[in-house]
1. If I filter segment 549-563 down to residues being touching a Leu at 6+ places or on another chain (Cβ under 8 Å) and assigned to a helix (DSSP H, G or I), which single residue comes out as surrounded by the fewest Cβ atoms within 10 Å (Cβ to Cβ)?
2. State which residue is farthest from Ser97 (Cα to Cα) when the search covers only segment 303-318 and only residues that are surrounded by fewer than 16 Cβ atoms within 10 Å (Cβ to Cβ) and among the β-branched types (Val, Ile, Thr).
3. I need a count of the residues in segment 446-463 that are touching a Pro at 6+ places or on another chain (Cβ under 9 Å) and either without any contact (Cβ under 8 Å) to a residue 12 or more places away in the chain or more than 18 Å from Leu561 (Cβ to Cβ) (or both).
4. Output the residue which, of all residues in segment 161-197 that are more than 25 Å from the chain's Cα centre (by Cα), part of a loop (DSSP other than H, G, I, E, B) and among the hydrophobic types (A, V, I, L, M, F, W, C), is farthest from Asn955 (Cα to Cα).
5. Please tell me if Leu138 is at negative phi, modelled with pLDDT under 90, of a type outside the set (Val, Ile, Thr) and surrounded by 24 or more Cβ atoms within 10 Å (Cβ to Cβ).
6. Kindly evaluate Thr864 against the criterion of being part of a loop (DSSP other than H, G, I, E, B) and either modelled with pLDDT under 90 or surrounded by 17 or more Cβ atoms within 10 Å (Cβ to Cβ) (or both).
7. Applying the selection to segment 668-693, what residues are more than 25 Å from Asn755 (Cβ to Cβ), part of a strand (DSSP E or B) and aliphatic (A, V, I, L, M)?
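The values are calculated or read from the model by the stated rules, or taken from the named source; none is laboratory data. None of the values given here were measured: they were computed from a predicted structure. Cβ placement follows ideal geometry from the backbone for every residue including glycine, while neighbour counts extend to all protein chains displayed.
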Amino acid sequence: MEYKSFKKTQLAATISMVLGAVAMTPAHGQSNDQEGLDQLEEIVVTGIRGSLQRSMDIKRDAQGVVDAISAEDIGKMPDTNLAESLQRITGVSIDRSRGEGSKVTVRGFGPDYNLVTLNGRQLPTASGTSRSFDFANLAAEGVAGVEVFKSGKANMPTGGIGSTINIKTTRPLESPGMVATVGVKGVHDTSTRDGDALTPEISGLFSNTFADDTVGIALSASRQERDSGAATASVGGWRTFPGEVDNCWCTANPSEWGGIPPEGDPNQVNRPGAGDIYSVPQTIGYELAEYNRVRTNGQLTVQWQPVDSVRATLDYTYSEVEVERTYNNMSAWFNFGAQETVWTDGPIASPLVYTENLGGSDFSMGAGKDATRTENNSVGFNVEWNATESLTLAFDHHDSTAESSPNSPYGDSALLSIAAFTRDKTTGYFDSDLPILELGLANPLSPDDMQITGSVFTHNVSKMDIQQSKFSGNFEFVDNSLLESIDFGIEFTEVNNRSAGAVVQRDAWSNTNTAVGAIADLMQPLSIAGEFDSVSGGGNLAQTDFYGFDMVQVINRFNELVAAGDGSYGPMNGLGDCGTPLCASTTFTSDRRTTEESQAAYVQLNMATEIADMPARINVGLRHEQTDVTSSALVPSYSYVTWGGGNELTAVAGAESEFTTLTGDYGMLLPNIDFSLSVTEDIVTRASWSKTIGRPNYADIQGGVTINNPLRSDGGTGSRGNPALDPLESENTDLSVEWYYAEGSYASVGYFHKNVKNFIGTDSVTEQVFSLPSPANSPMYAEAIAAGNTQPGEIFQYIVDNYPNAEGVDVAGGNIVGVAGRDGFTDFTLSVPANLEKAVVDGWELNVQHAFGESGFGVIANATLVDADVGYDDFSLESQFVVTGLSDSANLIGYYDKDGIQVRIAYNWRDDFLAGTGQANVGVGPTYVAAYGQWDMNASYEINENATVFVEALNVTDETTHVYGRDKMQTLFAAQIGPRFAIGARYKF
């Protein structure tokens with residue numbers, strides 16, 4: 001086990017003093033030559049126990065509610081993924097992507113409402129329309145620790161209503177001397193079918209100080225390649241109806257598309273009735289996907305301390321992540337006719353069996369490729385000056401960018417579909433997590449039956465740039481019985497965010513695009529048999545066989561067929577850069593740009609006193625922040641409104657698009673009070689109150705106005721963003737008791753209460769956007785009504801008959817055009833995001849960390865119980881407001897750390913939670929993620945003081961993912977990812 005110098009904690013300092021006193025007193029018969037032993041070196045244990053001790057010290061010494069994760073050694077975090085480390089903290093849950101931790105939810109507030117900082121500086125995100133940070137972009141090897149601030153602090157950047165998560169990197173002058181490490185790892189992901197069995201990862205870190213420890217350099221780098229796969233099943237939304245809704249296609253009892261035949265139909269078993277609601281599936285599909293990810297990270301830190309009172313730090317952080325997905329899928333779309341069904345009991349009824357007997361339907365298959373490149377750059381400069389014994393001043397500035405762009409000539413997402421129009425009977429079985437698709441085909445599946453159908457190619461880019469400057473100071477009072485110090489500062493932040501995109505799409509879902517057999521030689525037989533053996537119902541697959549193909553090969557064949565006159569592209573939306581609709585376009589049709597400029601000033605008083613001989617600390621802070629928002633969006637320009645008869649009018653787009661710009665601003669006062677009382681030497685109680693904010697998503701504050709065609713005589717509809725939105729405001733109360741009963745051991749219980757207002761809903765406003773004169777607002781229209789004409793068709797004919805030569809009236813063309821100066825502008829009813837809702841979220845956090853003396857064994861157990869005063873009503877068919885992401889969670893970790901052997905076994909569990917209030921293809925409807933628990937383990941052995949070998953295993957028991965709708969029988973998504981294993985070595989110089 002290694003030892004090294006460290007900064008004393010209060011407990012360590014006390015122990016050192018006692019041991020130092022013993023060392024200074026010679027033993028009986030001991031020579032005075034041993035007096036040199038009076039200098040006892042401060043030591044700390046590295047490894048698991050050392051990491052837990054440092055994290056515990058941070059929690060104990062913090063003002064407010066703070067949890068932390070510390071590196072076990074330089075360049076060695078407990079997990080290889082930061083999100084997976086964070087999930088071990090009470091109150092923190094994670095979302096996984098491709099089986100790896102990606103984004104975090106803290107105390108029920110999702111990724112958009114947790115601010116992530118790097119060394120105290122706000123990090124940009126590359127998601128385009130949201131503010132969520134993807135922790136998978138950063139390797140853990142360059143991170144020294146992570147702090148989670150759950151209560152507000154005046155000196156921290158704003159935006160974290162759930163928490164502020166601060167990632168700390170290595171600072172060489174804080175650990176003088178030379179340290180270097182290099183690590184290699186081979187990863188085996190059991191989910192991949194086509195990728196390499198073992199993919200490489202390499203990392204290295206070098207830190208050294210020079211010139212009597214006044215100059216320091218730290219450099220870290222890592223490169224990780226991973227091949228993985230996923231087998232997924234999906235139901236493309238559930239259409240929901242009251243029990244009395246029928247689908248009989250009859251005049252006496254009008255039908256609704258998606259309804260089932262009426263009560264009494266012999267093909268409907270246990271049909272839901274009045275008082276029930278029922279849901280029918282829109283599609284069932286299966287997909288086999290392969291992923292390749294390459295992640296490159298690098299960090300450089302240079303520090304200079306020319307004199308004891310001045311320290312300057314320049315740091316640069318870089319990350320690049322390239323992700324490519326290739327996939328093949330098969331699916332069947334339900335058309336809602338000739339149904340045979342078997343139902344569960346109400347009041348929320350789900351089909352156990354759903355069958356349609358419609359001949360000539362398509363059995364669809366597809367192949368696609370997604371490819372993105374995400375790059376982060378952050379340059380920061382900090383200088384700290386101890387101006388006097390009492391006054392410290394600091395200046396900090398950083399310029400950081402995050403950018404995501406396509407990494408393929410086919411855009412960031414590409415899909416080409418084919419189909420065989422031989423599906424006569426389609427049945428879905430929904431009595432397990434995995435939806436089972438069974439098809440009755442008119443002919444055995446044959447490559448000669450495959451026809452090219454639709455395609456979609458998207459080209460999306462996003463970029464965020466943050467420039468942030470902060471001037472801060474600390475003044476310490478001498479010989480003051482209450483006020484110890486004052487922190488103060490001002491901060492300037494400018495965030496520029498842009499998201500832009502283009503879509504090239506063909507909706508050619510018929511069998512008229514290519515001749516029979518034209519692509520038969522490009523088909524490759526595929527099967528999903530055995531791909532879902534760990535998912536409930538995976539042993540009951542019915543339709544397992546389908547055809548896969550190489551998307552590029554079929555695109556080339558299709559272009560050849562069209563050029564020869566043997567094929568048709570069909571209806572399409574735009575052309576790609578290649579001159580056909582079978583590639584992406586870089587001519588953006590959507591372009592949103594938002595600038596947020598914030599100025600903040602803060603002051604915080606730090607006080608210490610005693611209450612009944614018990615040490616107490618009080619921190620009182622106040623932050624004022626002013627934010628100005630300017631948001632522009634590219635939208636079509638409109639020239640005029642034309643009326644062709646009936647009650648349908650059309651806004652005619654101009655030749656060019658244009659940017660529309662909207663603005664908004666808000667000012668906030670954000671106070672915080674932290675109080676801690678050391679009841680005994682081992683027991684600390686805390687009470688905190690703070691006000692924090694969460695900023696709206698960029699999709700909500702975008703400046704563009706879009707309108708819908710056709711219009712009506714009384715106006716049109718559309719939507720726009722609202723940069724004038726206020727941020728979410730949360731009043732936070734935290735109460736906790738912490739018992740530090742032994743070295744490396746503590747227990748704590750905490751209660752939190754968040755009263756949040758300004759949640760965003762949808763409101764309606766009426767505006768005369770684009771200033772479009774409408775023929776329905778003309779004097780001729782009013783005259784026609786006055787003459788007794790009430791129907792739009794009658795009014796149209798009246799104008800044509802009585803004003804055939806009036807400006808804008810085209811009798812021959814059969815339309816009437818609005819004329820500026822004569823006709824009134826068109827009113828548009830716009831859907832606009834608005835601050836409408838509020839909610840109370842509260843919960844309990846329970847934690848125990850226990851080290852079993854010198855045995856090397858230890859255990860960590862924690863749980864979070866969270867609730868809100870709003871919830872989703874599964875029985876309601878209306879749009880609802882609800883706080884998403886709320887769920888209970890728990891962790892159980894056992895470890896052993898002794899004699900160079902380290903073993904950690906961890907179980908992480910998250911209960912069912914509502915992830916969203918919409919479903920694909922159907923709109924309104926809940927999306928729940930089922931409870932998920934995962935076992936992970938790692939073990940290492942120190943061969944000597946320099947070399948260590950290790951093994952890792954994630955998702956050891958091959959847990960699967962289940963997403964569902966109003967009932968667990970209504971599966972929306974099921975996935976099998978598989979375990980992941982790694983073996984590697986690490987050498988420390």
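1. Restricting to residues being touching a Leu at 6+ places or on another chain (Cβ under 8 Å) and assigned to a helix (DSSP H, G or I), the top hit is Gln553.
2. Here the residue is Val307.
3. Number satisfying all stated conditions: 6.
4. Result: Met178.
5. Working: at negative phi: yes; modelled with pLDDT under 90: yes; of a type outside the set (Val, Ile, Thr): yes; surrounded by 24 or more Cβ atoms within 10 Å (Cβ to Cβ): yes.
Yes; evaluated as a whole, the condition is true for this residue.
6. Spelling it out, it is not the case that Thr864 is part of a loop (DSSP other than H, G, I, E, B) and either modelled with pLDDT under 90 or surrounded by 17 or more Cβ atoms within 10 Å (Cβ to Cβ) (or both).
7. Of the residues in segment 668-693, the ones more than 25 Å from Asn755 (Cβ to Cβ) are 678-684.
If we keep only those that are part of a strand (DSSP E or B) as well, we get 678, 683-684.
Residues satisfying the conditions are Ile683, Val684.
Quick grid of which residues meet (1) surrounded by fewer than 19 Cβ atoms within 10 Å (Cβ to Cβ); (2) on the phi > 0 side of the Ramachandran plot; (3) assigned to a helix (DSSP H, G or I):
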| residue | (1), (2), (3) |
| --- | --- |
| Gly750 | no, no, no |
| Lys754 | no, no, no |
| Ile760 | no, no, no |
| Asp763 | yes, no, no |
| Thr766 | yes, no, no |
| Phe770 | no, yes, yes |
| Ala782 | yes, no, yes |
| Gly788 | yes, yes, no |
